[in-house]
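S.K.: Handing you this structure, nothing more for now.
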Amino acid sequence: MDDPILMLRDVRLTLQGNAGPVEILRGITLDVARGETLGMIGPSGSGKSSLLMLMGGLERATAGGVHALGHDLTAMNEDALARFRRGNMGVVFQSFHLIPTMTALENVATPLELAGVTDAFDRAEAELRAVGLGDRLDHYPTQMSGGEQQRVALARAAAPRPAILLADEPTGNLDGSTGQAIMDLLFGLRDRHGATLILVTHAPELAARCDRVVRLRDGRIEGEERHLRGAAE
């Protein structure tokens, strides 16, 4: 693979549980190409979300190496990781993670302001309009449906124009039709911004839209399959 945007080499993650150490990831080696859409599937507890968090520098590997855009994430301290994520990665969680005391516009614009973007509110409004929330700019999360909150989260992730988009079960808390709409928006963001998209999902129809699908089991890669882009879109 030429010039992978993400490289993982023999990555291991061990966490302390009540009964002692628990091996979450047991030696993951994986490359992700620029512009690729990678789906990660597997049973609950297989390590999918933990692997995604390692890729985003939100969790630190116990052993092995994680490189993103040529930078060694395992060598960065927390401040450096935060700066790197802010400029290069967008993250979408299953549970939205919006700030309840901020409007939709503020939820999207505030991270941009912190990153020094001078037109933060204009860019935030453009992203919210792009996901169909032009009439909800001044609404708070409690005034919006789950699907609308996830649209805000998508706009927030896409607004910095990240090279890498990470999504952890982005349709997990949504009904079927709303989940389908979020899927369409997520892949639209990939196309519009040219980002590399990596997502964890239990939804077969969402995995089928990815260029490649990696199957995890018991903290290891069990296998993978490749799809022709556009075949399921």
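Condition check ((1) over 30 Å from THR142 (Cα atoms); (2) among the polar types (S, T, N, Q); (3) under 20 Å from the mean Cα position of the chain (by Cα)) across all residues:
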{"residue": "LEU13", "(1), (2), (3)": "yes, no, yes"}
{"residue": "ALA19", "(1), (2), (3)": "yes, no, no"}
{"residue": "THR37", "(1), (2), (3)": "yes, yes, yes"}
{"residue": "MET53", "(1), (2), (3)": "no, no, yes"}
{"residue": "ARG83", "(1), (2), (3)": "no, no, yes"}
{"residue": "PHE93", "(1), (2), (3)": "no, no, yes"}
{"residue": "PHE96", "(1), (2), (3)": "no, no, yes"}
{"residue": "PRO100", "(1), (2), (3)": "no, no, no"}
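S.K.: Shifting gears a bit: Would you mind stating whether GLY116 is under 27 Å from GLY70 (Cβ atoms), surrounded by fewer than 20 Cβ atoms within 10 Å (Cβ to Cβ) and either among the β-branched types (Val, Ile, Thr) or without any contact (Cβ under 8 Å) to a residue 12 or more places away in the chain (or both)?
M.R.: yes
S.K.: Still on this structure, please answer the following. Is it true that some residue in the range 155-167 is of a type outside the set (A, V, I, L, M), touching a residue at least 12 places away in the same chain (Cβ under 8 Å), surrounded by 19 or more Cβ atoms within 10 Å (Cβ to Cβ) and assigned to a helix (DSSP H, G or I)?
M.R.: yes
S.K.: Could I ask something else about it? Among the residues of the range 12-43 satisfying the criterion of being aliphatic (A, V, I, L, M) and over 19 Å from VAL213 (Cβ atoms), which is modelled with the lowest pLDDT?
M.R.: My answer is ALA19.
S.K.: Out of curiosity, is THR171 β-branched (Val, Ile, Thr) and out of contact with any helix residue (DSSP H, G or I) (no Cβ under 8 Å at 6 or more places or on another chain)?
M.R.: Criteria not met by THR171.
S.K.: Moving on to the next point. Please count how many residues of the range 76-86 are free of Cβ contacts under 8 Å to residues at least 24 places away in the same chain and open to solvent by 80 Å² or more (accessible area, probe 1.4 Å).
M.R.: Residues that pass the stated criteria total 4.
S.K.: Just checking, which of GLN143, GLN150 is at pLDDT 90 or above, open to solvent by 10 Å² or more (accessible area, probe 1.4 Å), closer than 18 Å to MET102 by Cα and of a type in the set (S, T, N, Q)?
M.R.: On inspection, the qualifying residue turns out to be GLN143.
S.K.: Across the range 84-108, which residue is farthest from ASP175 (Cα to Cα) among those that are at pLDDT 90 or above and assigned to a helix (DSSP H, G or I)?
M.R.: Checking each candidate, the answer is PHE84.
S.K.: Which residue out of ILE5, ILE41, ILE24 is more than 17 Å from the chain's Cα centre (by Cα), under 22 Å from ALA167 (Cβ atoms) and of a type in the set (Val, Ile, Thr)?
M.R.: Just one listed residue meets the conditions, ILE24.
S.K.: Only residues that are under 17 Å from GLY90 (Cβ atoms), open to solvent by 10 Å² or more (accessible area, probe 1.4 Å) and among the hydroxyl-bearing types (Ser, Thr, Tyr): list them for the range 19-74, please.
M.R.: Passing the criteria: only SER49.
S.K.: Could you please find all residues in the range 179-197 being open to solvent by 50 Å² or more (accessible area, probe 1.4 Å) and closer than 18 Å to ALA208 by Cβ?
M.R.: Passing the criteria: GLN180, ASP184, ASP191.
The values are calculated or read from the model by the stated rules, or taken from the named source; none is laboratory data. Owing to the predicted nature of the structure, the values given are computational and were not obtained by experimental measurement. Ideal geometry is used to build each Cβ from the backbone, glycine not excepted, and the neighbour counts take in all protein chains shown. SASA here: full protein model, heavy atoms, side chains in, ligands and nucleic acids out. Shrake-Rupley method; radii C 1.70, N 1.55, O 1.52, S 1.80 Å.
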